[in-house]
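Asker: Take a look at the following structure, please.
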Amino acid sequence: MKKVLAGLSAAGAAIIHNPEVARACAVCLTGDSGPMGDAYNWSILFLMATPYTVMGCVGAWLVYKYRRGKAQQQRVEREQPLAQLALNYKESGR
């Protein structure tokens, strides 16, 4: 346990001492703030937002279908009469 803690401390000190080690991508390393860096940042944004957008659409569709089903069920319950007063030809055998 002490060796792991010492290793993590050494890695943390190295990263703090030399921040270029902590930079993970080529754009971060070069510090490109031109159009290429902007395009890279926008592409990352869209890649990160896509799963949330898809799952949000699926969730919204499920909520819509649930509410629509409840509304139709309530409409059918309101439209049915309390007692059948008309002649039903299927039951009369005609």
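The numbers here are math on the coordinates, done by the rules we state, and not lab data. From a predicted model like this one, the values you see are computed outputs, not experimental measurements. Heads up, the Cβs are rebuilt from the backbone with ideal geometry, glycines too, and the neighbour counts pull from every protein chain shown.
Asker: So, counting K/R as plus one and D/E as minus one, what does the shell of residues with Cβ under 13 Å around Ser9 add up to?
Answerer: Charge balance near Ser9 sits at +2.
Asker: If Lys and Arg each add +1 and Asp and Glu each add -1, what is the summed charge of the other residues whose beta carbon sits under 14 Å from the beta carbon of Lys70?
Answerer: Charge balance in the 14 Å sphere: +4.
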